[in-house]
Amino acid sequence: MEVPAHIRIEVPVEEFGDAYTGQWVERRQRVGRLALNRLSEIKHVFKEEESLEEVSEILATIFTDWTIGGDEGPLPKPWNNPEAFKVLANSDLDLALWILTVVGTPMLELVQPSKN
């Protein structure tokens, strides 16, 4: 499957620290209502394996690439790879939670220049 049009979002160093300098994620430009509704319905994402599995499947259709790394090196690429999100959740739960917020953030907010 071809990678759809996407935007790059820098991991906010001011929130996560210097270890994240230069890291980014790419999210497809169009995220449909059905995906957002389904994500909002899933409960206990990081406590129940079945929920994490379902969320990972959805996120693998939304995130096209990233340069996220953990303590042991780069994480697997996300596009069509649900396993990448499980690895992320096990490596850095705070960053995994941020990824979930990026899904529902309006495009206008994502593409505005930084106010810093």
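The values are calculated or read from the model by the stated rules, or taken from the named source; none is laboratory data. Model, not experiment: these values are computed from the prediction. With ideal geometry, Cβ positions are generated from the backbone for all residues, glycine too; neighbour counts draw on all protein chains shown.
Would you check which residues across the stretch 3-29 are part of a strand (DSSP E or B) and not aromatic (Phe, Trp, Tyr) and list them?
If the condition is that a residue be part of a strand (DSSP E or B) and not aromatic (Phe, Trp, Tyr), then 6, 7, 8, 9, 10, 25, 26, 27, 28 are the ones that fit.
Please go through (1) within 11 Å of the chain's Cα centre (by Cα); (2) within 21 Å of residue 23 (Cβ to Cβ); (3) crowded, with 18+ Cβ neighbours inside 10 Å for residue 65 and return the number of the only condition it doesn't satisfy.
In the conditions (1) within 11 Å of the chain's Cα centre (by Cα); (2) within 21 Å of residue 23 (Cβ to Cβ); (3) crowded, with 18+ Cβ neighbours inside 10 Å, residue 65 misses (3) alone.
Return only the number of the condition from (1) closer than 19 Å to residue 8 by Cα; (2) in a loop (DSSP other than H, G, I, E, B); (3) without any contact (Cβ under 8 Å) to a residue 60 or more places away in the chain; (4) not basic (Lys, Arg) that residue 44 does not satisfy.
That leaves (1) as the condition not met.
To keep it simple, each residue is scored yes or no on (1) modelled with pLDDT of 90 or more; (2) in contact with a strand residue (DSSP E or B) (Cβ under 6 Å, 6 or more places away or on another chain); (3) under 26 Å from residue 34 (Cβ atoms); (4) of a type outside the set (Ser, Thr, Tyr).
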site: 59; (1), (2), (3), (4): yes, no, yes, yes
site: 65; (1), (2), (3), (4): yes, yes, yes, yes
site: 79; (1), (2), (3), (4): yes, yes, yes, yes
site: 83; (1), (2), (3), (4): yes, no, yes, yes
site: 96; (1), (2), (3), (4): yes, no, yes, yes
site: 99; (1), (2), (3), (4): yes, no, yes, yes
site: 115; (1), (2), (3), (4): no, no, no, yes
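Take the residues in the stretch 30-41 that are in a helix (DSSP H, G or I) and not charged (D, E, K, R); name whichever of them is farthest from residue 95 (Cα to Cα).
The residue in question is 34.
Could you count how many residues in the stretch 57-93 are more than 21 Å from residue 105 (Cα to Cα) and of a type in the set (Val, Ile, Thr)?
Adding up the residues that qualify gives 1.
Please go through the stretch 45-57 and pick out each residue that is β-branched (Val, Ile, Thr) and either surrounded by fewer than 15 Cβ atoms within 10 Å (Cβ to Cβ) or at pLDDT below 90 (or both).
45
Checking the structure you have, find out if any residue of the stretch 14-21 is touching a strand residue (DSSP E or B) at 6+ places or on another chain (Cβ under 6 Å) and within 20 Å of residue 74 (Cα to Cα).
Looking through the stretch 14-21, none of the residues is touching a strand residue (DSSP E or B) at 6+ places or on another chain (Cβ under 6 Å) and within 20 Å of residue 74 (Cα to Cα).
Identify all residues within the stretch 47-61 that are in contact with a helix residue (DSSP H, G or I) (Cβ under 6 Å, 6 or more places away or on another chain) and either in a loop (DSSP other than H, G, I, E, B) or basic (Lys, Arg) (or both); write none if there are none.
60
Any residue in the stretch 1-24 that's without any contact (Cβ under 8 Å) to a residue 24 or more places away in the chain: show its pairings with residues that are hydroxyl-bearing (Ser, Thr, Tyr) at Cβ separation under 6 Å, as long as the two are six or more apart or on different chains.
That search, which allows pairs on different chains as well, returns 13/20; 13/21.
Report yes if residue 65 is in contact with an Asp or Glu (Cβ under 6 Å, 6 or more places away or on another chain) and either at positive phi or not aliphatic (A, V, I, L, M) (or both), otherwise no.
Here the answer is yes, as residue 65 does meet what is asked.
Touching a Lys or Arg at 6+ places or on another chain (Cβ under 7 Å) and of a type in the set (Val, Ile, Thr) - does that describe any residue in the stretch 5-21?
Yes, the stretch 5-21 contains at least one residue that is touching a Lys or Arg at 6+ places or on another chain (Cβ under 7 Å) and of a type in the set (Val, Ile, Thr).
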